[in-house]
Amino acid sequence: MKGAELEKLHRIVPRWTVTNEHHIHREFLFPDFKQALDFVNRVGALAEEQGHHPDILLAWGKAEISLWTHKIDGLTESDFIMAAKIDRIFGK
């Protein structure tokens, strides 16, 4: 997915950054490690349920998530749907 189609879907999750029309990325901030870990665990449960597994970096007070469809080595609509679901878990 590239160009106008990508831009249209990006409007659904504007807090995510599109990198090289290849993947989307967002950093989520938390007041402590426990809340970041709880968020990551909820995202992990969603990923298992959806069969769509993001790259996740967990650190004190933050979690970074990158999404793309590994099968095509690029972005698909399902990446943006997953990003929207992750945003709902975060609450923003």
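Values computed for the structure shown
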{"quantity": "Condition check for Leu46: aliphatic (A, V, I, L, M) and in contact with a Lys or Arg (Cβ under 8 Å, 6 or more places away or on another chain)", "calculated": "yes"}
{"quantity": "Helices (runs of 4 or more DSSP H) (entirely within the chain) containing at least 2 residues that are open to solvent by 40 Å² or more (accessible area, probe 1.4 Å) and touching a residue at least 40 places away in the same chain (Cβ under 8 Å)", "calculated": "77-90"}
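The values are calculated or read from the model by the stated rules, or taken from the named source; none is laboratory data. Computed from a predicted structure; not experimentally measured. Quick reminder, even Gly has a Cβ in these numbers, built from the backbone with ideal geometry, and neighbours come from all protein chains shown. These accessible areas exclude ligands, DNA and RNA; they are computed on the full protein's heavy atoms, side chains included. Shrake-Rupley method; radii C 1.70, N 1.55, O 1.52, S 1.80 Å.
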